[in-house]
Amino acid sequence: QGSMIGGVYSGLEYRAYAPNHIDVIQDILDRLAEEGKSDAIVSMYMLPEQLLPESQLSGGIVPPGFRAHSCNPPQGRTSINGYTPKNNKLYCYPYRGIQVGNNAGQSLILKYEFFSGSPVLYYQGSTYPSGRIIAYPRNYMGKTSNFDYSLTMGDYPQCAWLKDVYSNWLATQNIRYGYQQEDIKKSTAWGGIGQALKAGVGALTGNWEMFGGGIGGAIMEFIGMNQELDQAERNYAMETQIHSMTPPSTSGAIGNDNTLLSMGEYKIVMNEVTITAEYAKSIDDFFSLFGYKVDELKQPNIFGRQSWNYVKTNNAVVTGNCPVYACDNYVALLNRGVRFWHNPDIGNYSLPNGVA
């Protein structure tokens, strides 16, 4: 019975077994060989257990479609590589971010400030043999599921298994041998009946020569049957001995190599990445002295810091009840950059200057 697996029609049926059920899989292979049905298995592969309901991991039919899981990336530390900045700007990209990778050369950086709420990463994968896993952020840059910032893991590892060629052959040969014996017995039985009828006719008619020939023919038919049965049995024994020497054949992905899987690193990884503490302190000190670029059309913020605010504008507009030259001086001052002190200890840059 066919079904849609991951949006693709398949006439096959997939069943799932957890790694601790390897003995069950081997029993199935042996039983299929004994029934002459080794070729009934066409594929065997591995996929993460999380993509299947736990109730399906002991021989259950693999459900079609995708199964999604969420995980929480790093929530962000209070320091940058051990340095605690005074300016919150350093908690944003490009000074800090979430690196998501698949350990196979593909990675991307997610920015804390673009998440709506706590960072959340979703990953999901299809359940068919050539499926892949995709990881993507949720509620990121205004999109509920942002596939523009996603990465994938490669095709699922394909398995190899042995076919018991001898048991599979023996299962079919037993059927053939049984029919062969039955055919021999039927053919000789009809011949024996004919000879018996011949003997009966000879006895009724007094033709004792005919009677003797019929009796002798029946005996010869019986001897011939035994000889044919003996020869069939001998041939069967010979073929059985020859086929018992045939080694098992292999199926599936022979020599499949997945180094990451062998190392236990075939997975999606997430880490918080930051600049070094030395660079963080240097940039933090610069921000404390000069602030940082905002690129907004707004009224300059001359308050908000504990000790001083630095303001530098581009094409400032100053209006007020003052002479034109005074307004022009204010414009030149703002465009050149000016520091507004809130502390009488002007020029003391060792003062704390965090957000007031």
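The values are calculated or read from the model by the stated rules, or taken from the named source; none is laboratory data. Quick caveat, the model's predicted, so the values are computed rather than measured. Cβ: placed from backbone, ideal geometry, glycine included. Neighbour counts: every protein chain shown. Accessible surface is based on the protein model in full, side chains and every heavy atom, while ligands, DNA and RNA are left aside. Shrake-Rupley method; radii C 1.70, N 1.55, O 1.52, S 1.80 Å.
Look through G320, G304 and report the one residue that is within 59 Å of the chain's Cα centre (by Cα) and on the phi > 0 side of the Ramachandran plot.
Of G320, G304, the one residue that is within 59 Å of the chain's Cα centre (by Cα) and on the phi > 0 side of the Ramachandran plot is G304.
Checking the structure you have, find out if any residue of the stretch 302-310 is touching a residue at least 24 places away in the same chain (Cβ under 8 Å), exposed (fewer than 12 other Cβ atoms within 10 Å of the Cβ) and among the hydrophobic types (A, V, I, L, M, F, W, C).
The answer is yes; a qualifying residue exists.
What are the pairs with Cβ atoms under 7 angstrom where one residue, in the stretch 279-291, is within 18 Å of G347 (Cβ to Cβ) and assigned to a helix (DSSP H, G or I) and the other, located anywhere, is open to solvent by less than 70 Å² (accessible area, probe 1.4 Å) and at pLDDT 90 or above? Sequence gap at least six, or different chains.
From the stretch 279-291, the pairs are L289/Y310; F290/Y310.
Please work out which one of (1) at negative phi; (2) open to solvent by less than 70 Å² (accessible area, probe 1.4 Å); (3) of a type outside the set (S, T, Y) is the condition G291 fails and give its number.
All conditions pass for G291, except number (1).
What is the one condition in (1) in a loop (DSSP other than H, G, I, E, B); (2) under 22 Å from the mean Cα position of the chain (by Cα) that P74 does not satisfy?
Of the numbered conditions (1) in a loop (DSSP other than H, G, I, E, B); (2) under 22 Å from the mean Cα position of the chain (by Cα), the odd one out for P74 is (2).
Any residue at all in the stretch 326-335 that is touching a residue at least 12 places away in the same chain (Cβ under 8 Å) and touching a helix residue (DSSP H, G or I) at 6+ places or on another chain (Cβ under 8 Å)?
Checked the stretch 326-335: no residue is touching a residue at least 12 places away in the same chain (Cβ under 8 Å) and touching a helix residue (DSSP H, G or I) at 6+ places or on another chain (Cβ under 8 Å).
Give the stretch 29-38 a look and list any residue that's modelled with pLDDT of 80 or more and either among the small types (G, A, S) or closer than 18 Å to Q158 by Cβ (or both), or say none.
L29
Taking G36 as the residue in question, decide whether it is surrounded by 15 or more Cβ atoms within 10 Å (Cβ to Cβ) and in a loop (DSSP other than H, G, I, E, B).
So G36 fits the description; yes.
Which condition number in (1) over 21 Å from I109 (Cβ atoms); (2) β-branched (V, I, T); (3) surrounded by 15 or more Cβ atoms within 10 Å (Cβ to Cβ) is the one that V42 fails?
(3)
Would you please list the contacts, defined by Cβ atoms under 6 Å and residues six or more apart or on different chains, that run from a residue in the stretch 84-99 that is over 16 Å from F115 (Cα atoms) to a residue that is of a type in the set (G, A, S) and open to solvent by 10 Å² or more (accessible area, probe 1.4 Å)?
Qualifying pairs under 6 Å: K86/S288; K86/G354.
Could you please let me know if V62 is at pLDDT below 80 and open to solvent by 60 Å² or more (accessible area, probe 1.4 Å)?
For V62, the condition - at pLDDT below 80 and open to solvent by 60 Å² or more (accessible area, probe 1.4 Å) - is not met.
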